[in-house]
Amino acid sequence: AAADRVRASDERQEAARDRAEAARLRAESATELKSAATDELTGVWTRKFGLQELSHELERANRTGGALIVAFIDVDGLKQVNDSKGHVAGDALLRLVGETLVASVRPYDVVVRYGGDEFVCGMSNLSVTEATQRFVNVADALRAVDSEHSITFGIAAALPGDGLVALIARADAQLLEARRPNGIDATRTLRSDLDARARLPS
């Protein structure tokens, strides 16, 4: 009986060690996955993992009929900053934009570094106007740091049955439209609308 108790105790200890090792491996795996999914410079999602998250959000919106807004954001003048002030300054600008985007959206919104100076952001259950206001706030916050800092953005709302490529392409097209000399600048349009409302008699 004593031998059985010793053997049982040894087995429990071995099982405990196995559980601890399994937990350690899971933690290491989660850390590695988080590292792979996070853009080292800006702290937002990397393109591969971020687009997967956006795909999940779009699938959910298509399934439930919920709203999903995608914004395509371009950091204005990054090449000029790199050329005139060096890549350290350019990296600092990208880092600032990433931090400002994350601070200006909700914790569960998806912010992705899409390309060198491009970000994509997915936001569920917001209107186009509400989403636009967030990026106006981003532009204002960047300008408050340095008057030469700016972004251009385009916004698209998901349509029933939309695919992610088409949705991002529409947001990108809106960005390009905002850049045209006679295009609709969402930032200016929203500010004008807000100013007009502020002037209305109460």
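Okay, here's what the table says:
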{"quantity": "Flag if A71 is small (G, A, S) and modelled with pLDDT of 95 or more", "calculated": "yes"}
{"quantity": "Residue under evaluation T152, criteria (1) polar (S, T, N, Q); (2) modelled with pLDDT of 95 or more; (3) touching a Gly at 6+ places or on another chain (Cβ under 8 Å), criterion not met", "calculated": "(3)"}
{"quantity": "In the range 53-80, the residues that are assigned to a helix (DSSP H, G or I) and either touching a Phe, Trp or Tyr at 6+ places or on another chain (Cβ under 9 Å) or touching a residue at least 60 places away in the same chain (Cβ under 8 Å) (or both)", "calculated": "E53, L54, S55, E57, L58, R60, A61, N62"}
{"quantity": "For D91: the one exception among (1) in contact with a strand residue (DSSP E or B) (Cβ under 6 Å, 6 or more places away or on another chain); (2) of a type outside the set (A, V, I, L, M); (3) within 18 Å of T42 (Cβ to Cβ)", "calculated": "(1)"}
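The values are calculated or read from the model by the stated rules, or taken from the named source; none is laboratory data. The shown structure was predicted, so the numbers you read here are calculated from the model rather than taken from an experiment. Neighbour counts run over all protein chains shown; Cβ positions are idealised from the backbone, glycine included.
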